[in-house]
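The values are calculated or read from the model by the stated rules, or taken from the named source; none is laboratory data. Quick caveat: nothing in here was measured; it's all calculated off a predicted structure. FYI the Cβ positions are ideal-geometry reconstructions off the backbone, even for glycines, and counts take in every protein chain you see. For accessibility, only protein heavy atoms count, side chains too; no ligands or nucleic acids. Shrake-Rupley method; radii C 1.70, N 1.55, O 1.52, S 1.80 Å.
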Amino acid sequence: MKATLTARCLLLRRAAPSRKCAQRTFHLARPLHAEPGETDEPLKETVQNEKQGEQRRKGEKSIAKTGERGKSKQLARPLSASIKPEHFKAYTDENKDILKKWYTPAQLAAIEAGEAAVDPQDLAEQATLRDGPWAFNYIDDFAQIHPVIDKPIRAPEENYDPKLRYKTKDEIAEDFAKFIRGLPEKPTRLDYIKFRDNLRLTVGKEEAERNPRNYLSPDIPKGIPEMKKYTSNLKEGQVELDPGMKRLMRQTGYSNSEINRFRFKILVTHRVVNQTKMGKIQSEYYLCVAGNGRGMLGIGEGKSTEPMDGTLQAQYAAIRNMQPIPRYEDRTIFGNVKVKVGAVEVELMTRPPGFGVRCQAYIYEMCNCAGIQDLAARVTRSRNPMNTIKAVYQALLSQRLPDEMARGLGKKLVDVRKVYYGGNIL
Amino acid sequence: MSLVHLAHACSHLQNASKARLGITSLPSTTQLHNLLLQLQKQGYVNTVSIGGPTPPPPSALAPLMSGNPEAKREMEMSGHVAWSAGSSPPSREGGGEGNSEREERAQEEPITRENISSRRLWVGLKYYNNRPVLEKMKLVSKPTRRIWMRVDDLEGIVRGQKRGYVHGLRGIGEALFLSTDRGMMEIRECVERKIGGMLLCRVNGVDF
């Protein structure tokens, strides 16, 4: 399982060289075979230390200790460079004397047979770190299983007992009675703790209670720096943004507060039906306009079986479609415009200051969003709301600008307002 | 003076600009030639030149280059003549000004009785910011209903007011061309010179 993970890392590295795959530096690493610092001395001499350490090994602390020591040293110097066949020397008589203290003669014979069977050359070659394309880029103890990275270890399925049931009051009382009857002459607190910990609350298979099968995935461990970026770093009182909004912010570059300040209006809502083999599927259609009130305007459409979803779709689409609209003196349009969409014919007419937006509701709302204050409009032929809105949007965008037109004609254009109003124009 | 030909020319120029053509041709008539020169004067088209059935060489299309001897030779060989709007209006209908100049040019013109029927007006179209400068062109007077106006009405139209069935100039870059007894003119020039006339066509009007 470790190898597959590494292979996945390799594939990832090949597919996206710039992307870094997760380094397993957080995993407790232990020396593989020997510590590089000690391999300079003959290996057999280290056996002595090991034997002395065996007493300590009863307490499990020593493992962790050597582990930490090994980690720091191994990371500093690669193992493969330092191990040579000369390091694996045969046991001296002194060594054998020490070994006798700990092993039976049969065990000693087995050790010697093993020593004879393994060639020091093989040991030196195989006890090294791999190199080449399948080399690991981290040092790890592959004997240990990490519950997150490796396959989660779960209790076997046989641990499930369908007949498992809780003990009745009487049965628990019986257990207590048994415990008290079996107490030694001088009972200690430890006896009670042992009883409490071992007391079973159910009747049935013991494993089903002690080590039940759990189908949930293990928790994400805390304190791992690599995992930090995947968890949210929201402050107190901050609301989590929905993914659509996050995407919108990424696409448009607007911040959340900017988007909140935009003006929205759902102008058209109606139900649409899709006839399928299974029957009619009804959903809601929404057309929304959005603007910042300062010359940006966009329209967006959304459709969903969920009303809230459709509304949001339309809103986000409208924000995404926002485009700057030319405004004369930031209040009206440049010249009259006529646009036809479908059967809707819209004429927008520029008006003097203080005229107001005197037109139908849809156009009024669009002007409100775009920040147009003086406008008259005429919608002839059809007045379909959807097409009216689209036509107005198109009309606002298709305005010709005097400056642009003058450049096109090759004429010189002078803004006389700059003379009349002493340059005090917008 | 046919308004039908004018109507066809309007449609053709609209279509050519929609197709983003760089150069196109119209039948060579005096009326169209005068109209094109007015359009060139107002800046709606780049170049106007009389040529044969094939497009003129680039040198003939650039009036500024006509001083270039090489370009001149090229033009002579191909038989194209470029007119710049400022230099000489070769109007046959009004024709008070620049008659001598026209005659001089006419000597250069290799327009003969044999080739006159195959002459065409070659027009260079203009585009700015990915949009045609001459986008729309439409008749005001119709073949069945011609409209004449005096100066006072023309003034109203220039200011954007409606006069009769004629809408005022309310678009950006809008122009209206008239046929007067002093030749073809833009409406603002008419107002300036206090000349009335027949409204011919409207360029870049507020329309679909």
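Quick look at the values:
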| item | result |
| --- | --- |
| Volume per residue of the C-alpha convex hull in the range A:279-409, rounded to whole Å³ | 121 Å³ |
| In Å², nearest 10: area of A:E125 left accessible to a 1.4 Å probe | 110 Å² |
| Sequence-distant residues sharing a close amide H with A:Q323 (under 5 Å, placed H) | A:L297, A:G298 |
| Chain pair A, B: total accessible area buried, heavy atoms, 1.4 Å probe, Å² | 1700 Å² |
| Per-residue ³J(HN,Hα) for the range A:270-279, Karplus 6.51 cos²θ - 1.76 cosθ + 1.60, θ = phi - 60°, Hz, x for Gly and Pro | 7, 8, 10, 10, 9, 8, 10, 4, 6, x |
| Inter-centroid distance (Cα atoms) of the range A:92-107 relative to the range B:175-200, Å | 125 Å |
| Cβ-based net charge around A:A109, under 15 Å, with every Lys or Arg adding one and every Asp or Glu removing one | 0 |
| Nonlocal amide H pairs with B:V45, under 5 Å, H built at 1.01 Å | B:Q40 |
| Heavy atoms of A:W134 accessible to a 1.4 Å probe, total area in Å² rounded to 10 | 150 Å² |
| Diffusion coefficient, µm² s⁻¹, Stokes-Einstein with Kirkwood Rh over alpha-carbon pairs of the range B:137-203 at 37 °C and 0.692 mPa s | 285 µm²/s |
| Spin-label pair A:D403/B:D207, simplified geometry with 7 Å Cα→Cβ offset, distance in nm | 3.0 nm |
| With all protein chains modelled, accessible area of A:T202 [1.4 Å, Å²] | 10 Å² |
| At R0 = 51 Å, FRET efficiency that the Cβ-Cβ distance of B:Y128 and A:Q275 yields, to 0.05 | 0.55 |
| Rough spin-label spacing in nm, given labels placed 7 Å along Cα→Cβ, for A:L201 and A:K418 | 8.6 nm |
| Cα centroid separation, the range B:1-55 to the range A:333-368 (Å) | 34 Å |
| For the range A:337-420, Kirkwood radius (reciprocal of mean inverse C-alpha pair distance, Å) | 14.1 Å |
| Positive minus negative residues near B:Q38 (Lys, Arg vs Asp, Glu; Cβ under 11 Å) | -1 |
